[in-house]
Structures are given as C-alpha cells and as structure tokens.
Amino acid sequence: MIEARHLRVLRAVSTTGSFSAAARELGCTQPAVSQQMKALESSAGTTLLIRTGREMRLTQAGEALVRHASGILAGLTAAEEEVAAIAGLRAGQVRLVSFPSGSSTLVPGALAALRAEHPGTRVSLVEAEPPRSVDLLRDGDCDIALAFRYGTSGGEWDDLVVRPLLTDRLIGLVPEGHRLADASSVGIDELADEPWIAGCPRCRRQLVEVCEEAGFTPRIDFATDDYPAVMGLVGAGLGVAVLPELAVESVRPKGARAVSVEPAIEREIVALTLPDLARVPAVAATLDQLARAAAR
C-alpha cells in the first residue's frame, strides 16, 4: 500500500533533486528520507529513482507516480481541511426531524442559538410524528429525531441515544361558553358525554386509554393532526379536546378556553440520535441547544 507520507517524500526529492535537500525541506534527516523512499519502492514494486552522482533522476514509473501524487496530496489536504472544519463546527450539516408542536416551540430557539454560536453549521428540518420520525433516524434519513412518548415503553429506544428534554402535560380545551370553561381543573370523567376532537394517532390512543380508565369511551367526532384545526373546532363549539401544553403555547386558542385536566396526562419529550452520530460535533451541539431551549 502506498502511503501519503511516502508520496510527500517522493515529491520533495523530485523537486529538490537530492535526499539531503528533500530532508531540509521536510524537516527530517537524510536517512529518514532514504528509508521512506525504499519503503515506497517496495510498495510500488519497482525502482522510482536512479542515483547519478549527487543527483537523483526519476524513472518512468517515478515520473508517473509524482504526476499522480500532486492530485492525491491536494485531495487529501482538502479532505483534512474539510474534516477539521466539521470537527471544529466551522462547517457541517444536521438533519433534524420534529413533531409539529416541537417545531414551533423548541426548535426555533435552539437553531437560532446554534447559528449564533456556529454560523458554519447548517440544520435542515422536516416534520414527522413518532414512530415515523424514529424510523427515519434508524433508516439513516436524519441525524436527530425530536420525539415523545406516553409513559415508558420498555426497550422502545434501547438502541438509541436518548436526550430527555422536558415533561409536557396535556391541557383540556373547551369552548368559551362551555359549562366548565371557568373551572380551575376538570376531571376527565366530567367530559364523558362530550363530543371529542382527537389529535395524532399516538395522542388519540392515549386519550382513549385515559378515558377508559375513567370509566367511559370518548365519542370522537373529529380527528386531525393539525393543532390549529383542533383549536378551531373546539372554538366553534363542536367538541372538547386535550392537547399538549407545547401545542397550546404555539397557537392562540381563539374561542377556546384551556383548563387543567385530572388525572394529569403527561408525555416525555426527548431528542434521539444514534450512538455514532452522538459523537459528531455538530449533532452534539444541536442536542445541547435543544436541551437549553427546553429548560427556558
């Protein structure tokens, strides 16, 4: 195998015309240059230099190797500089996937802070709810997935690096003229006879489980993944809903009133990545900024 350090020595000998001059240029000893040239000729399987008196002359094979060496070493230098830039956060790209309420609350502040500290690092964003977002991470289509779960599902994310961000409580929404609109808190069973507007499939499943534990099955008249649509339907008096607090923060509930729901329904918000990706400086910096944004 031909090594880059041997190519550098060959190029120096070709340029200077002698081992001693090449040693001075490279900052090493003449025996070291001679030793590396022998190693290169051994790797190449042929003679590369012909010694004529005090000068060195390249063979045809030596000339061919020097000709290629310039491009190889230039490419290697460029690669080293690019890797150093990425490692030093002067460059690099992070692909982030987030669920909608995370995109509107946690992500903007985190990315603004990241850009201020590391303007050379770029972050792209697409939206997906878990488990789709987690599948994208495992399939190599993103570097970080902002996700959530209700309770702790054993083994669900054991193969991933899990960065806990916050606990998000679900808030009840009722129309402004509703009989419970002015209540400080509402028992979920007090809404048993109401029509419901449900959210994403995972949130919908959690709602049904909580209601069934309270002794009733919710009558779901509308289902939508769009949080503003949920609030609009509630505000129009078409039903009640429970939404994550992050979602309520991101959209002003026009015509709807937010109330606390008992028992508390909570979801864990996390940032997920793969173990190898967690060591990439740009990914680690993005995770740190997401954690800081969640702590505000």
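Structure notes:
- Entry remark, the stretch 235-268: residues being under 29 Å from Ala145 (Cα atoms), out of contact with any helix residue (DSSP H, G or I) (no Cβ under 7 Å at 6 or more places or on another chain) and open to solvent by less than 30 Å² (accessible area, probe 1.4 Å) number 2 in total.
- Checking each residue in the stretch 1-32 for being of a type in the set (Val, Ile, Thr), open to solvent by 20 Å² or more (accessible area, probe 1.4 Å) and either assigned to a helix (DSSP H, G or I) or at pLDDT 90 or above (or both) picks out Thr15, Thr16, Thr29.
- Every residue from the stretch 218-234 that is crowded, with 18+ Cβ neighbours inside 10 Å and under 13 Å from Leu173 (Cβ atoms): Tyr227, Val230, Met231, Gly232, Leu233, Val234
- Pick from the stretch 79-99, criterion under 16 Å from the mean Cα position of the chain (by Cα) and not in a loop (DSSP other than H, G, I, E, B), ranking: farthest from Asp226 (Cα to Cα): Ala87
- The combined condition, being of a type outside the set (S, T, N, Q) and touching a Phe, Trp or Tyr at 6+ places or on another chain (Cβ under 9 Å), is not fulfilled by Leu137.
- Of the strands (runs of 3 or more DSSP E) lying entirely inside the stretch 121-201, not one carries at least 3 residues that are loosely packed, with under 15 Cβ neighbours inside 10 Å and at pLDDT below 95.
- Residue within the stretch 7-16 that is small (Gly, Ala, Ser) and at negative phi present: yes
- The one condition from (1) free of Cβ contacts under 8 Å to residues at least 24 places away in the same chain; (2) touching a Leu at 6+ places or on another chain (Cβ under 9 Å) that Arg95 does not meet is (1).
- Of the residues making up the stretch 101-120, those that are in contact (Cβ under 8 Å) with a residue 24 or more places away in the chain and either outside any helix (DSSP H, G or I) or in contact with a Pro (Cβ under 6 Å, 6 or more places away or on another chain) (or both) are Ser101, His118, Gly120.
- Qualifying residues in the stretch 33-73 (those that are within 48 Å of the chain's Cα centre (by Cα) and open to solvent by 60 Å² or more (accessible area, probe 1.4 Å)) - the one farthest from Arg8 (Cα to Cα): Gly45
- Near pairs, Cβ below 7 angstrom, 6+ apart or cross-chain, from the stretch 160-188 (over 21 Å from Glu266 (Cα atoms)) to any residue that is exposed (fewer than 14 other Cβ atoms within 10 Å of the Cβ): Val161/Pro275
- Residue in the stretch 252-273 that is hydrophobic (A, V, I, L, M, F, W, C), more than 23 Å from Asp193 (Cβ to Cβ) and free of Cβ contacts under 8 Å to residues at least 60 places away in the same chain present: no
The values are calculated or read from the model by the stated rules, or taken from the named source; none is laboratory data. For clarity, every value in this text was computed on a predicted model and none was experimentally measured. Note: ideal-geometry Cβ built from the backbone for every residue, glycine included; neighbour counts use all protein chains shown. Ligands, DNA and RNA are stripped out before the accessible areas are found, and what is left, the full protein with its side chains, is counted by its heavy atoms. Shrake-Rupley method; radii C 1.70, N 1.55, O 1.52, S 1.80 Å.
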